[in-house]
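Here the structure comes first, spelled out in structure tokens, and everything after it is commentary.
The values are calculated or read from the model by the stated rules, or taken from the named source; none is laboratory data. Computed from a prediction, not measured in an experiment: that's the story for all the values here. Heads up, the Cβs are rebuilt from the backbone with ideal geometry, glycines too, and the neighbour counts pull from every protein chain shown.
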Amino acid sequence: MTSPNSFIPGGSNTSESAAFAVMRSCEILANRMQPIRQMNPTASWEELVNTCFTANIDLVARYNTKPSDFRSYTVWAMCCTELELDVLTGACRLVRVDILEDTGESMSPGIDIGQIEGAFIMGVGYFLTEHLVYEKATGALLNNRTWNYKPPGAKDIPTDFRIKLLKNSSNPIGVLRSKATGEPAYCFGVSALFALRYALMAAQKDAGLGDSWLELGTKMYGKSQGLTM
């Protein structure tokens, strides 16, 4: 199988567009092979393919997806994040993350779980660590290497990372009744920022400074170190 017209595998493009194109291509091949199947109802798959080949039936099919092939649907998900903050250094770590996501009838649960895990960590990077700094006069990117640009590392992965797929779910308008999985979990990265805010507020209260609301933006990991000092 090849997909020469694909753009990128991101945005669930592979699981949606490519998988749908494969389904339609299989239907095209099945229709071509149907007359031979009717003449040889007990033939094995290998015998059927060989007979179609000798009958000069084209066994290559293609299908190009189009917007009208798909309909919008809703993906439901929920997340709870527990974060630990060292108030002496400002360092924080994700202690536990629980995510429950509606994936419809998952085509590959292992891949979907990996997609959810990876998307969540990407979101954590966006909200906590990956801060782009530009030179005001020229617009040049100043932190263009890992010495001063910090994507999530191995120690940023939650110590206890629990992913569950919603049971008894189906998506009648999705490809094989499935749902896309990566993008919703990416949005859950903001839960790490929320957890950090409440950890800072708790530390503030413990220090006798009250528990007033802290307005935090994104890329807060380095800033949280300053707030604790």
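With ASP112, ASP98 as the choices, which residue is within 30 Å of LEU166 (Cβ to Cβ) and modelled with pLDDT of 95 or more? Outline the logic, then answer.
Numbers: ASP112 fails: modelled with pLDDT of 95 or more.
Answer to the check: ASP98.
Is it true that some residue in region 63-70 is at pLDDT 95 or above and either in contact with a Phe, Trp or Tyr (Cβ under 9 Å, 6 or more places away or on another chain) or in a helix (DSSP H, G or I) (or both)?
no
Looking at region 10-31 only, could you name the residues that are loosely packed, with under 13 Cβ neighbours inside 10 Å and modelled with pLDDT under 85?
GLY10
Can you report the number of residues in region 134-154 which are modelled with pLDDT of 90 or more and in contact with a strand residue (DSSP E or B) (Cβ under 9 Å, 6 or more places away or on another chain)?
5
Give the residue that is nearest to GLU183 (Cα to Cα), with candidates limited to residues of region 56-76 that are aliphatic (A, V, I, L, M) and surrounded by 12 or more Cβ atoms within 10 Å (Cβ to Cβ).
My answer is VAL75.
Would you check which residues across region 78-129 are crowded, with 19+ Cβ neighbours inside 10 Å, part of a strand (DSSP E or B) and within 15 Å of the chain's Cα centre (by Cα) and list them?
CYS79, ILE99, GLU101, GLY104
Please work out which residue is nearest to VAL124 (Cα to Cα), limiting yourself to region 144-159 and to residues that are among the basic types (Lys, Arg) and assigned to a loop (DSSP other than H, G, I, E, B).
Across region 144-159, the extreme among qualifying residues is LYS150.
Considering each of ARG197, ARG177 in turn, give the residue that is crowded, with 16+ Cβ neighbours inside 10 Å, assigned by the TED database to the domain that holds ILE99 and of a type in the set (D, E, K, R).
It is ARG197.
Condition test on ILE157, is it closer than 27 Å to ASP69 by Cβ, assigned by the TED database to the domain that holds GLU82, within 21 Å of the chain's Cα centre (by Cα) and surrounded by fewer than 20 Cβ atoms within 10 Å (Cβ to Cβ)?
Working: closer than 27 Å to ASP69 by Cβ: no; assigned by the TED database to the domain that holds GLU82: yes; within 21 Å of the chain's Cα centre (by Cα): yes; surrounded by fewer than 20 Cβ atoms within 10 Å (Cβ to Cβ): yes.
Judged against the criteria, ILE157 is not a match.
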